[in-house]
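Note sheet for the following structure.
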Amino acid sequence: MVDLGALSLEQKASLTSGGDFWHTQAVADIPAVMLTDGPHGLRKQATSADALGLGNSVPATCFPPAVALASSWDENLVDRVGAAVGAEAHAENVAVVLGPGVNIKRSPLCGRNFEYFSEDPFLTGRLGAALVHGLQSQGVGASVKHFAVNNQESDRMRVSADVDERTLREIYLPAFEHIVRTAAPRTVMCSYNKINGTYASENRWLLTELLRDEWGFEGLVVSDWGAVNDRVAALVAGLDLEMPPSGTDDEIVAAVRSGALDEQVLDRAVARVLDLVRSAPQDAPSCVADEHHALARKVAAACAVLLKNDGDLLPLDAESAETIAVIGEFARTPRFQGAGSSQVTPTRVDTALDAITAVVGAERVTFEPGFVLDGVRDAALQGAAVKAAEGSHVALLFLGLPPQDESEGFDRRDVFLPADQMLLLAAVHAVNPRTVVVLSNGGVVRTAGIELHAAALLEGWLLGQAGGSATADLLFGLTNPSGRLAETIPERLPDTPSFPYFPGGEQHSRYGEGIYVGYRYYDTVEHPVAFPFGFGLSYTEFELSDLKVSISDGNSASVSVHVANVGDRAGATVVQVYVHDVACRVDRPVHELKGFAKAELEPGETHTVQLELDPSSFAFWSVQASRWVVEAGEFEIRVGFSSREIEATARITLPGDEPIPTLNPMSTIAEWLAHPSGGPVLMEAMKAAGAAGVPPELVAMAADMPISKLVSFGFGLSQEQLDGLLEAAAARVSG
Ligand code: GLC
């Protein structure tokens, strides 16, 4: 393949923009390679792209989208999904799969939350890295997206995400950072939006200083489709490949010729495009779709979250003669993925109705759609459904968000299920208390009214093409539910921290809630929620014991805890480790997820979970120091089954990673008293001046006063004395 030096300026310019909607530009003997969606299944258009690049893709296995995958809390399983998608992409000669999407769920209203993992950056980073690893294990590149701070669909191509530095660093960047540092994605996709006024596609701090210089990214930066607004500015910022082509290569040529663009900048981008072309898999092995369908079913069963199960109504008895009313159009017409660029043409689709009928036999099942998906109430359908429920032992209601309610490209306005479905649920429950609700939704829905009329509630999210059979596996106990919430379900939309600000207006979205996203907010302010982050029920019970925490070295710690299955059925649970900073000079969330492990246990089995907490587990981003800081002091390690089910805690004291601060005239009294040498020096001086007995309330009042104010207020300290204190404190530190 011709090397860079042999290419003309025009050829080089054309390589930094696509050849068509899905391919890079072929130049000389440099072949074009294909980049295409998507995060939970291959979306490769069968023919050349249509106007939106959305229609008619080759059949591929549709796995559960990220909202469901995240609820598995299972890195190994997510890795396997990545490998399966990668294998199918490889078989179709695709070089890069455009996923995973790892944007943080700032608001339940975001139309693309189905395509993202969590409200928590730690969980998002670990699962996103697993998907990248799986994809790339098949020789296909991943494209971590949308970099960065793309947390809404409203006005997404123009809006400026106005977010402070600490919130960026602690919430919206960590998942990308973890994936770049640990999984080496072949590409990163920049987002449409601006960040604090600068388009991501032209943001040199984001694409070069942070991504490459600080994090060490060595791959290629590709634009989101249509995200480049200024080709030259994008190249200078570090964006290597514009997709799809915008017919502006001549702007690059002209800029180099005029000296406005350093040709080395162009060469750097071309070199990365050539690396991408060289890394594309050459052969095209076949792959077996049926195996992947079985995997999709296993994965889906690990994703659904059992939220309620009064009287252990579930699992249902497959062998009994009890009759079952299967109600809801979603049982017959499953909603198993979200709309937009990630939408896969599945190889096949299982329905819950068929799967349930296959388990218990047609004679035990009565089906009624109960509603139509357009949301208009149909009294006849509802009446027939109520009648079926009345005449059956148990009623299974399959409710959810109709496809038109949420999608890429727009945000929701509320979190309610359609009113006609809620009316149906109340009517069914009124005649049959043994009502089970199974939800299909990409974004969180308000569960209060649902829970009121359901003895059991299974949050199915969107479960992919095998979700129908996986749901039957869960309802009849062939699989024990093990999903855990990867995002809080709030009681009401106005309770959500971003509610006053989302989605913003006049091309600005102000991230006024700062770092207090999801449970970081609800748990810190102790606000009631419908279901907490990390929550999920099982058909068995688990217990934690013997928590041990030891400082391994410096500011790291080792955590060990026993988890036991104390029930009578095999099952899996997720042991979660949260870190609470007992006292810090800045405000911090009450605790943050810093470790987790999924454990599969037979009845009576006990497993020891070992987790390592490195210094990043304790650090906050110091805007003052412009770096991550572990402040010396006490931390509490909290272990449990959700952010609100803390079963055991242990405290440790860390030395921190900061040098002893140098005191100065503007250091406060409190800083002096807390200082290892300044404290004793000041106390001695106060004692000598007979001021040691200052009443505590006065000390408290003066705590935040810079010590030099004692001089200027004439509070008994002269400038000479202050100079002496500073010298004595400095001498003790150096001594
Ligand atoms: C879209 C999406 C992106 C997708 C790309 C190609 O607009 O934002 O996630 O990969 O275009 O379809």
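The values are calculated or read from the model by the stated rules, or taken from the named source; none is laboratory data. Treat the numbers as computed from the prediction; the structure is a model and nothing was measured. Neighbour counts run over all protein chains shown; Cβ positions are idealised from the backbone, glycine included.
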- Looking only at segment 1-42, which residues are closer than 18 Å to Ala91 by Cβ, of a type in the set (A, V, I, L, M, F, W, C) and touching a strand residue (DSSP E or B) at 6+ places or on another chain (Cβ under 6 Å)? Trp22, Met34, Leu35, Leu42
- Query: Can you name every residue in segment 222-234 that is closer than 22 Å to Arg186 by Cβ and surrounded by 23 or more Cβ atoms within 10 Å (Cβ to Cβ)?
  - Reply: Val222, Ser223, Asp224, Ala227, Val228, Ala234
- If we keep only residues of segment 701-711 that are touching a helix residue (DSSP H, G or I) at 6+ places or on another chain (Cβ under 9 Å) and exposed (fewer than 15 other Cβ atoms within 10 Å of the Cβ), then the residue nearest to Pro680 (Cα to Cα) is Ala703
- Item | Residue that is under 19 Å from Gly141 (Cβ atoms), surrounded by fewer than 19 Cβ atoms within 10 Å (Cβ to Cβ) and more than 12 Å from the ligand (Cβ to nearest atom), where the choices are Ala32, Ala6, Ala28 | Ala32
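On the basis of being part of a loop (DSSP other than H, G, I, E, B) and surrounded by fewer than 24 Cβ atoms within 10 Å (Cβ to Cβ), does Gln138 make the cut?
So Gln138 fits the description; yes.
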- Task: Select from segment 673-691 the residues that are touching a residue at least 40 places away in the same chain (Cβ under 8 Å) and assigned to a helix (DSSP H, G or I) and write down the one among them that is farthest from Asp614 (Cα to Cα).
- Result: Ala685
- Kindly establish whether Glu119 is within 14 Å of the ligand (Cβ to nearest atom), at pLDDT 95 or above and not in a strand (DSSP E or B). no
- Within segment 150-197, track down each residue that is within 15 Å of Val221 (Cβ to Cβ) and of a type in the set (S, T, N, Q). Asn150, Thr187, Ser191
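Starting from residues that are among the aliphatic types (A, V, I, L, M) and more than 18 Å from Leu314 (Cα to Cα), keep the ones in segment 464-495 and report whichever is nearest to the chain's Cα centre (by Cα).
Checking each candidate, the answer is Ala486.
How many residues are more than 20 Å from Arg348 (Cβ to Cβ) and within 16 Å of the ligand (Cβ to nearest atom) if we restrict to segment 87-104?
So the answer is 11.
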- Odd one out for Ala237, checked against (1) buried (at least 17 other Cβ atoms within 10 Å of the Cβ); (2) within 16 Å of the ligand (Cβ to nearest atom): (2)
- Within segment 293-336, track down each residue that is of a type in the set (Gly, Ala, Ser), surrounded by fewer than 19 Cβ atoms within 10 Å (Cβ to Cβ) and part of a helix (DSSP H, G or I). Ala294, Gly311
- Query: Can you find a residue in segment 696-718 that is within 30 Å of Phe535 (Cβ to Cβ), in contact (Cβ under 8 Å) with a residue 24 or more places away in the chain and in a loop (DSSP other than H, G, I, E, B)?
  - Reply: no
- Every pair of residues 6+ apart whose Cβ atoms lie under 6 Å, when the first sits in segment 184-213 and is away from the ligand (no atom under 16 Å from the Cβ) while the second is aromatic (Phe, Trp, Tyr): Leu211/Phe217
- How many of the residues making up segment 341-370 are under 32 Å from the mean Cα position of the chain (by Cα), more than 27 Å from Met422 (Cα to Cα) and not β-branched (Val, Ile, Thr)? 5
- Message: Can you pull out every residue in segment 357-371 that is part of a loop (DSSP other than H, G, I, E, B) and surrounded by fewer than 14 Cβ atoms within 10 Å (Cβ to Cβ)?
- Response: Gly361
- Take the residues in segment 402-423 that are among the charged types (D, E, K, R) and in a loop (DSSP other than H, G, I, E, B), then tell me which one is surrounded by the most Cβ atoms within 10 Å (Cβ to Cβ). Glu406
- Just one of (1) exposed (fewer than 14 other Cβ atoms within 10 Å of the Cβ); (2) in a helix (DSSP H, G or I) trips up Ala284, so point out which. (2)
- Query: Is there any pair with a first residue in segment 341-353 that is closer than 18 Å to Asp290 by Cβ and a second that is within 16 Å of the ligand (Cβ to nearest atom) and β-branched (Val, Ile, Thr) whose Cβ atoms are under 9 Å apart and which are 6 or more apart or on different chains, and what are they?
  - Reply: Thr345/Val58
- Pick from Gly483, Gly464: which is more than 17 Å from Arg335 (Cα to Cα), in contact (Cβ under 8 Å) with a residue 24 or more places away in the chain and in a loop (DSSP other than H, G, I, E, B)? Gly483
- Task: Kindly indicate whether Ser143 is within 14 Å of the ligand (Cβ to nearest atom), more than 25 Å from Gly518 (Cβ to Cβ) and in contact (Cβ under 8 Å) with a residue 40 or more places away in the chain.
- Result: yes
- Answer with yes or no whether Val428 is touching a strand residue (DSSP E or B) at 6+ places or on another chain (Cβ under 6 Å), buried (at least 22 other Cβ atoms within 10 Å of the Cβ) and not in a helix (DSSP H, G or I). no
